[in-house]
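Accompanying notes for the structure given below.
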Amino acid sequence: MKNQFKNIISDFQGRDFSHVITRDYDIPVNVNKIVSLIGVRRCGKTYVLYDLIHQLRQIVDLENIVYVNFEDDRLFPISLHDLDDLINAYYEMYPEKRKEKVYFFFDEVQNIKNWELFIRRIYDTLDVQIFITGSSSKLLASELATSLRGRTITYEIFPFSFKEYLDYKNIKINLHASKSISFIKNAFNTYLFNGGFAETFDVDKSIRRRILKDYMDMIIYKDLIDRYAIKNHVLLKHLIKYFFVNMGTLMSFNKLYNQYKSMGYKIGKETLFDYLSFLQEAFAVFTPTIYRDSVKAENRHPRKLFVIDNGFKALFDMPHSDDYSKLYENQVFLHLRRFTNEIYYYKVKQEVDFYVKTKSQLLINVCYDISDINTFQREINALNEGMDYFKLKKSYLITSEREEVLNIDNKEIQIIPLWKWMLTVPC
C-alpha cells in the first residue's frame, strides 16, 4: 500500500488547480482545528478543497500539501491499519518535512471504517493541518462532533449561489449598466429553474434531467436506504416527491400522517418522522418552524418545507402556474440558509415568510406577483405587523420586478426583485 500512496502523492503534485472557481466560503487554511466540509452529494466539496490547495500553493511548498481521495481505485481494498502507510510513505519521500507543518486533505475519508481514530491520532501527535470531506451518507455533522470530540470546525457546502453562478458564467455584476443587468436577469431565470449544481450548467435539458435524477437516486439509495436499512422504498419515494413538489408550503406532521394512512400506507408516526429526519440529515430537505419563545410552542405549529435545490422540482412536477411562487420562496430560503440556520416564519394575525437571525434580524416576505392590490396590501400589512412585533425599522418584500421603498409609520419596507436582493442585501 505504501507504493500506491507514493504514486498518489506524486501524481497529485503535478495537477493544476488555477482553473478552479473560488466559491464564497471563508474557510481558513491555518486553524487549530480539523476542518470538515459537509453537504449534499455533488455540491462541490471536493472543488472547495482544490481551491484551498491552490491558495496554499501560493504560500507554502508544494511538497507540504498532500491530497488523497479514498475513492481512488488504487487504494482498494483499504482498511484502518493501511493508513499508517500513508504517513510513512510521505515522510519517506520528504523526511525533512517532519520539522515543518504539513497540510493533509482527505476526501471521502468516511469510506474507511474507524477512520476517526487515525485522524485524531495524527492531529494529536503530528504538526499537521487536516481537511476532510465526506458524503452525507456517512459523515453527518452530529457524528463528526462525536467522532472528533471537539477537534473539528465544520463548514456546510451548498450548490452554487446565484452570485457564484454568475462568476461561473463570467457575467460581470454592474448594477449601474443596462447591458450587465440584462445578462444578470437572463441568467437568473435559468438559475431559478435549473438550480445550482455545477455539473448541470452547460448541458442540455435532457442531460441535466438525467444528472439530477442520478443525484436524487444517490440520495435515496446511498444516503437513506443503505444507511438506515429502509424497507418501505415506495413510501420513501412518495414522501420525497411530496416534499419537492410542495416546497415553500406549510406541512402539518399529523395531517401528513393521516393523509398517508388514508392512502392505505401501513405506517407509524415514528417511521414517518424518522424518514423526514433522514432527509434532513442528507441535506435534501429543510423544515424551519414558526418563531416562538419555546421549542414546545414551535412544535405545536406546522413547519415549512424547503429543499436543497430548485432544479429537483422538475423531476417530480409538471410546470404550472404557481411554480414561480414556490421557486422564489425556496430560493430565498437557500440564500439565507448559507448564512444561518436560525430561520423561522412568523405568524400572529398574518404570516410573514421569513424571520431570520444572522448578524442582525431580517424580516422578509416573498411574492412573485404583487400586481393585484389585495395581494400587495396583504404582504405589506403582514410585514408591518411583524416589524411592530420584533421592533424592527426595516423589512423586505421580495418580488419579480417592482422596486421601491415604502415608508409606513416611521418604518421602511424595501420592495426589491429577487435577483437583485441576492446580490446586494447583506445577510
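The values are calculated or read from the model by the stated rules, or taken from the named source; none is laboratory data. In this text the structure is predicted, and so the values were computed from the model without any measurement. Cβ atoms come from the backbone with ideal geometry, glycine included; neighbour counts cover every protein chain shown.
For region 269-308, a tally of residues being part of a loop (DSSP other than H, G, I, E, B), out of contact with any helix residue (DSSP H, G or I) (no Cβ under 6 Å at 6 or more places or on another chain), more than 24 Å from Arg227 (Cα to Cα) and not basic (Lys, Arg) returns 6.
Go through the residues of region 252-260 one by one and say whether even a single one is among the charged types (D, E, K, R), surrounded by 14 or more Cβ atoms within 10 Å (Cβ to Cβ), over 19 Å from the mean Cα position of the chain (by Cα) and assigned by TED's automatic domain parsing to the domain that holds Phe283. Outline the logic, then answer.
First, pick out the residues of region 252-260 that are among the charged types (D, E, K, R): 255.
If we keep only those that are surrounded by 14 or more Cβ atoms within 10 Å (Cβ to Cβ) too, we end up with none.
Checked region 252-260: no residue is among the charged types (D, E, K, R), surrounded by 14 or more Cβ atoms within 10 Å (Cβ to Cβ), over 19 Å from the mean Cα position of the chain (by Cα) and assigned by TED's automatic domain parsing to the domain that holds Phe283.
The residue that is farthest from Ile211 (Cα to Cα), among those in region 324-351 that are surrounded by 15 or more Cβ atoms within 10 Å (Cβ to Cβ) and without any contact (Cβ under 8 Å) to a residue 40 or more places away in the chain, is Gln350. Residues that are surrounded by fewer than 21 Cβ atoms within 10 Å (Cβ to Cβ), modelled with pLDDT of 95 or more and not in a loop (DSSP other than H, G, I, E, B) are absent from region 134-153 altogether.
Annotation note: Cβ proximity below 9 Å between a residue of region 149-169 that is basic (Lys, Arg) and a residue that is part of a strand (DSSP E or B) and buried (at least 18 other Cβ atoms within 10 Å of the Cβ) (sequence gap 6+ or interchain) occurs for Arg151/Ile34; Arg151/Ile130. Of the candidates Lys304, Lys313, the single residue that is crowded, with 19+ Cβ neighbours inside 10 Å and either touching a Pro at 6+ places or on another chain (Cβ under 7 Å) or in the same structural domain as Thr190 (by TED's automatic domain parsing) (or both) is Lys304.
Inside region 226-251, residues that are surrounded by fewer than 18 Cβ atoms within 10 Å (Cβ to Cβ) and on the phi > 0 side of the Ramachandran plot make up a count of 1.
Quick one: which residue in Ala297, Ala282 is among the hydrophobic types (A, V, I, L, M, F, W, C), modelled with pLDDT under 95 and in contact with a Leu (Cβ under 9 Å, 6 or more places away or on another chain)? Break it down stepwise before answering.
On the way: Ala297 fails: in contact with a Leu (Cβ under 9 Å, 6 or more places away or on another chain).
From the options Ala297, Ala282, the qualifying one is Ala282.
Scan region 390-427 residue by residue and report those that are modelled with pLDDT of 95 or more, closer than 19 Å to Tyr355 by Cα, touching a Leu at 6+ places or on another chain (Cβ under 9 Å) and not β-branched (Val, Ile, Thr). Those that are modelled with pLDDT of 95 or more, closer than 19 Å to Tyr355 by Cα, touching a Leu at 6+ places or on another chain (Cβ under 9 Å) and not β-branched (Val, Ile, Thr): Phe390, Leu392, Lys394, Ser395, Tyr396, Leu397, Lys411, Glu412, Gln414, Leu418.
To keep it simple, each residue is scored yes or no on (1) touching an Asp or Glu at 6+ places or on another chain (Cβ under 9 Å); (2) in contact (Cβ under 8 Å) with a residue 40 or more places away in the chain; (3) more than 30 Å from Ile220 (Cα to Cα); (4) β-branched (Val, Ile, Thr).
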| residue | (1), (2), (3), (4) |
| --- | --- |
| Ile8 | yes, yes, yes, yes |
| Asp11 | no, no, yes, no |
| Ser36 | no, yes, no, no |
| Arg41 | yes, yes, no, no |
| Val48 | no, yes, no, yes |
| Gln55 | no, no, yes, no |
| Leu62 | no, yes, yes, no |
| Arg74 | no, yes, no, no |
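Of the residues screened, Gly311 is not one that is touching a strand residue (DSSP E or B) at 6+ places or on another chain (Cβ under 8 Å) and in a helix (DSSP H, G or I).
For Val31, the test of being among the aliphatic types (A, V, I, L, M), under 18 Å from Glu164 (Cβ atoms), at pLDDT 95 or above and out of contact with any Ser or Thr (no Cβ under 7 Å at 6 or more places or on another chain) is failed.
Kindly indicate the residue of region 362-417 that is in a strand (DSSP E or B) and charged (D, E, K, R) and also farthest from Tyr328 (Cα to Cα) among those meeting that condition.
Of all residues in region 362-417, those in a strand (DSSP E or B) come to 362-366, 394-399, 404-408, 411-417.
Subset that is charged (D, E, K, R): 394, 404, 411-412.
Numbers: Lys394: 21, Glu404: 19, Lys411: 25, Glu412: 22 Å.
Per the criteria, the residue is Lys411.
Taken together, the criteria exclude Ser10 from residues that are in contact with a helix residue (DSSP H, G or I) (Cβ under 9 Å, 6 or more places away or on another chain), of a type in the set (Ser, Thr, Tyr) and at pLDDT below 95.
Taken over region 100-132, residues that are part of a helix (DSSP H, G or I), touching a residue at least 12 places away in the same chain (Cβ under 8 Å) and basic (Lys, Arg) amount to 1.
Could you tell me which of the residues Glu71, Glu92 is assigned by TED's automatic domain parsing to the domain that holds Val31, of a type in the set (Asp, Glu), at pLDDT 95 or above and not in a strand (DSSP E or B)?
Working: Glu71 fails: at pLDDT 95 or above.
Being assigned by TED's automatic domain parsing to the domain that holds Val31, of a type in the set (Asp, Glu), at pLDDT 95 or above and not in a strand (DSSP E or B) holds for just one of Glu71, Glu92, which is Glu92.
The conditions of being within 22 Å of Asp72 (Cα to Cα), aliphatic (A, V, I, L, M) and at pLDDT 95 or above are not met by Ile112.
Checked against the criterion of being surrounded by 15 or more Cβ atoms within 10 Å (Cβ to Cβ), at positive phi and touching a strand residue (DSSP E or B) at 6+ places or on another chain (Cβ under 8 Å), region 30-47 has at least one qualifying residue. Out of Asp223, Asp217, one residue alone is crowded, with 19+ Cβ neighbours inside 10 Å, modelled with pLDDT under 95 and at negative phi. It is Asp223.
Evaluate region 229-243: report whether one residue or more is part of a helix (DSSP H, G or I), out of contact with any Lys or Arg (no Cβ under 8 Å at 6 or more places or on another chain) and of a type in the set (Phe, Trp, Tyr).
First, pick out the residues of region 229-243 that are part of a helix (DSSP H, G or I): 233-243.
Next, from what is left, pick out any that are out of contact with any Lys or Arg (no Cβ under 8 Å at 6 or more places or on another chain): 233-243.
Add one more test, that the residue is of a type in the set (Phe, Trp, Tyr), and what stays is 242-243.
The answer is yes; a qualifying residue exists.
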